[in-house]
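Peer 1: Shown below is the structure under consideration.
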Amino acid sequence: MANNGRRSVKAKKGPTIGTGGHGRKALEGKGPTPKAEDRPYHKAHKNKQLAERSAAKRPGAARSAGARSGPKGRATEEVVTGRNSVVEALRAGIPAKALHVAIRIEMDDRVKESLKLAAERGIPLMETGKPELDRMTDDAIHQGLVLQIPPYEYQDAYELAEETLESWKKGHVANAPLFVALDGITDPRNLGAIIRSVSAFSGHGVIVPERRSVGVTASAWKTSAGAAVRVPVARAANLNNTLKAFKNMGIYVLGLDGDGDVSLPDLSLAKEPVCIVVGSEGKGLSRLVRENCDQIVSIPIDSAMESLNASMAVGISLYEISRQRAAK
């Protein structure tokens, strides 16, 4: 073939104009690696599917699982674990949402009694696998028994005081209103014991602050020996403001402290509407709470004893108030 006298020119090696970026998409990748549980071929994905199917078989399990899991998967819902604790909680009449029993649990007298008490009270029985029980209890020792406790329904402190005062004025309540407020108490056993004393001496309620204070937990229920069913526990958004409101309503606020203005036997306000305020065993009453008290009352004790436990101090004070109110 004629080439018209021209030589053929070979293509020059190297990149040519217009080729840049042709392979850019191939180099972009597919994004971050999915979690193990989201990869269909991974073992974790299969375990997740099994857990979801298992939860779907139990009514309410999927809903309660979300309530139980905290930001790091830690248990946040109240549960009682272990055979001794569960059977004691059921004997005490602690409210319960469900009794979870391990699959193929080894029966003993405690398990049998727990099942019997739960059935008598109409508490749902859930047969639950060990992995789920471990998750519910944050890997605590549960011995195959877990009692699920519903959240406590607190009353409003101001409304409780107002309703009690109204009932007293109408003659529906025999004794003048008697409340106990907690200032910095963080031990649920102290709260439970205080609730028990309030019930024993015809008190009308316990006031707990919303912050930096214990709430009605499973441990508090247990220590109260069922008294938490009879004695309302109310929450105060701000304890100092609540005490000021009580004073405006005609309720005398009495703080318990070793260095008091008045000795308990000399208390003259026992027959009036009263709110006793108790502080923590170590710190006592906070400064602002102390300033908002009408009187600071001390309990005479042996000089060798530094202080009384908070619940013990409340019990002694309630007894003395009850004794004075009964005296004609």
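The values are calculated or read from the model by the stated rules, or taken from the named source; none is laboratory data. Predicted model only: the values in this text are computed from it and were never measured. Cβ placement follows ideal geometry from the backbone for every residue including glycine, while neighbour counts extend to all protein chains displayed. Calculation scope for accessible area: heavy atoms of the full protein, side chains included, ligands and nucleic acids excluded. Shrake-Rupley method; radii C 1.70, N 1.55, O 1.52, S 1.80 Å.
Peer 1: When Lys and Arg each count +1 and Asp and Glu each count -1, what net charge do the other residues less than 12 Å away from LEU264, Cβ to Cβ, add up to?
Peer 2: Taking every Cβ under 12 Å from that of LEU264, the sum is -3.
Peer 1: Same structure, new question: Could you tell me which of ALA140, ALA227, ALA119 has its Cα farthest along the dipole of segment 103-250 towards the positive end, charges placed at Cβ (Lys, Arg +1; Asp, Glu -1), taken about the Cα centre?
Peer 2: ALA227
Peer 1: Among residues other than ALA236 whose Cβ falls under 13 Å from its Cβ, what is the net charge (Lys/Arg +1, Asp/Glu -1)?
Peer 2: 0
Peer 1: Taking a ≥ b ≥ c as the square roots of the Cα gyration tensor eigenvalues, with a/c under 1.5 meaning rounded and otherwise prolate when a/b beats b/c, else oblate, which class fits segment 165-252?
Peer 2: Cα axes put segment 165-252 in the oblate bin.
Peer 1: Return the distance in nm (one decimal) between the two label points of a simple spin-label model at MET312 and SER167, each offset 7 Å from Cα along Cα→Cβ.
Peer 2: 3.2 nm
Peer 1: Heads up, I need the accessible area for SER85: 1.4 angstrom probe, whole protein in place, Å², nearest 10.
Peer 2: 40 Å²
Peer 1: Quick check: from the Cα gyration tensor, does segment 275-323 come out rounded (a/c under 1.5), prolate or oblate?
Peer 2: oblate
Peer 1: What GluC sites (Glu not before Pro) does segment 241-328 have in DSSP loop regions with at most 15 other beta carbons within 10 Å?
Peer 2: Details: sites: GLU281, GLU291, GLU306, GLU320; in loops: GLU281, GLU306.
Taking segment 241-328 and a limit of 15 other Cβ atoms within 10 Å, the loop GluC sites (Glu not before Pro) found are GLU306.
Peer 1: Taking 30 Å as the cut-off for C-alpha to C-alpha distance, list the pairs among LYS169/LYS244; LYS97/LYS283; LYS170/LYS244; LYS97/LYS247; LYS169/LYS222 that go past it. Please list the in-between numbers first.
Peer 2: Numbers: LYS169/LYS244 21 Å; LYS97/LYS283 37 Å; LYS170/LYS244 24 Å; LYS97/LYS247 39 Å; LYS169/LYS222 34 Å.
Beyond 30 Å: LYS97/LYS283; LYS97/LYS247; LYS169/LYS222.
Peer 1: In the neighborhood of GLU120, defined by Cβ-to-Cβ distances under 12 Å, what is the net charge if each Lys or Arg adds +1 and each Asp or Glu adds -1? Could the numbers behind the result be given before it?
Peer 2: On the way: positive: ARG91, LYS116, ARG121; negative: GLU113.
Around GLU120, the surrounding residues sum to +2.
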